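Written out below as structure tokens is the structure these notes cover.
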Amino acid sequence: MFHISSLTKKIKKNSNTYKQIAIEVDKTLAFLQNVIDEQSKEMNVEKVGNPSSVADEIKKFKELADSGVITQEEFEAKKKQLLGL
């Protein structure tokens, strides 16, 4: 949990207080960047990873249908299931 306080007086840039605040701001920004990076990774996995795996599954079942292992109807049913239709 972060606490952000507002300053009511001016602080000199060469003061210890200013330096401490700058360090805390840098830490907070680094933390927030990590959160953004993690969220971006998760979004990319969901948006990019799942469609390719679904497409791979559909392709696999299409090959099974083409080779006669499953019927065209079974393929269509599986495709609908994979696409969430």
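The values are calculated or read from the model by the stated rules, or taken from the named source; none is laboratory data. Note that the structure is predicted; figures quoted are calculated from it, not measured. Note that each Cβ is placed from the backbone with ideal geometry, even for glycine, and that neighbours are counted across all protein chains shown.
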Conditions (1) over 32 Å from the mean Cα position of the chain (by Cα); (2) at pLDDT 80 or above; (3) not basic (Lys, Arg) -> Leu7 fails only (2)
Worksheet item: In this structure, does Asn34 turn out to be surrounded by 10 or more Cβ atoms within 10 Å (Cβ to Cβ), modelled with pLDDT of 85 or more and in a helix (DSSP H, G or I)?
Response: yes
Filter the stretch 42-85 for residues that are of a type in the set (Asp, Glu) and modelled with pLDDT of 85 or more; the one that is surrounded by the fewest Cβ atoms within 10 Å (Cβ to Cβ) is Glu73
